[in-house]
Amino acid sequence: QVHLVESGGGLVQPGGSLRLSCAPAERTFSLAMGWFRQAPGKEREFVTAISGNGRFTYYARFVEDRFTISRDGAKNTVYLQMNRLKPEDTAVYYCNAWRGPNYSDQGPGDYWGQGTQVTVSP
């Protein structure tokens with residue numbers, strides 16, 4: 001079992017920026033990790049992912065180059081930098097990890113964080 005610890009959500013005005021962080025609480029092999037989000041009344045959706053070695057990144061189309069996922073191997077931490085935020089980005093953002101170093105587009109990984117609220121509002 002891997003426990004993912006998230007931080008960095010909050011309230012921001014449209015056009016603003018936020019950075020989310022996620023790290024496993026346990027020492028783990030470098031897992032593929034990513035972010036999903038769920039807005040009120042909507043299904044959880046994929047946002048972005050990064051491979052265990054950090055070489056490959058994947059983004060949902062709605063990101064439109066506004067978000068960047070990265071990882072710090074030494075800290076085993078993944079970051080989601082979100083710029084030019086829009087009200088429709090308002091959601092609970094969940095960190096997710098797969099069992100190995102490779103991302104799979106067949107569905108989310110097995111491990112979830114507790115979620116962090118991102119609210120974009122004037």
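Values for this structure:
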{"quantity": "Single residue of region 27-44 satisfying the filter (open to solvent by 60 Å² or more (accessible area, probe 1.4 Å) and not in a strand (DSSP E or B)) that is nearest to Phe56 (Cα to Cα)", "calculated": "Phe29"}
{"quantity": "Residue identified as closer than 23 Å to Glu26 by Cβ, outside any loop (DSSP other than H, G, I, E, B), open to solvent by 30 Å² or more (accessible area, probe 1.4 Å) and not aromatic (Phe, Trp, Tyr) among Arg99, Arg71", "calculated": "Arg71"}
{"quantity": "Positions within region 74-96 being open to solvent by 70 Å² or more (accessible area, probe 1.4 Å) and either among the aliphatic types (A, V, I, L, M) or under 14 Å from the mean Cα position of the chain (by Cα) (or both), in sequence order", "calculated": "Ala74"}
{"quantity": "Contacts under 9 angstrom Cβ, first residue in region 11-29 being under 15 Å from Leu80 (Cα atoms) and polar (S, T, N, Q), partner open to solvent by less than 60 Å² (accessible area, probe 1.4 Å) and in a loop (DSSP other than H, G, I, E, B), 6 or more apart", "calculated": "Ser17/Asn83; Ser17/Leu85; Ser21/Gly8"}
{"quantity": "Every residue from region 45-68 that is assigned to a loop (DSSP other than H, G, I, E, B) and open to solvent by 20 Å² or more (accessible area, probe 1.4 Å)", "calculated": "Asn53, Gly54, Arg55, Phe56, Glu64, Asp65"}
{"quantity": "Single match in Arg55, Arg99, Arg71, Arg61 (criterion: touching a residue at least 24 places away in the same chain (Cβ under 8 Å), of a type in the set (D, E, K, R), farther than 17 Å from Thr116 by Cα and out of contact with any strand residue (DSSP E or B) (no Cβ under 6 Å at 6 or more places or on another chain))", "calculated": "Arg99"}
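The values are calculated or read from the model by the stated rules, or taken from the named source; none is laboratory data. On a predicted model such as this, the values are computed, not experimentally measured, just so you know. All Cβ positions, even for glycine, are placed from backbone atoms using ideal geometry, and neighbour counts span all protein chains on display. Just the protein is used for accessible areas: all its heavy atoms, side chains included, with ligands, DNA and RNA removed. Shrake-Rupley method; radii C 1.70, N 1.55, O 1.52, S 1.80 Å.
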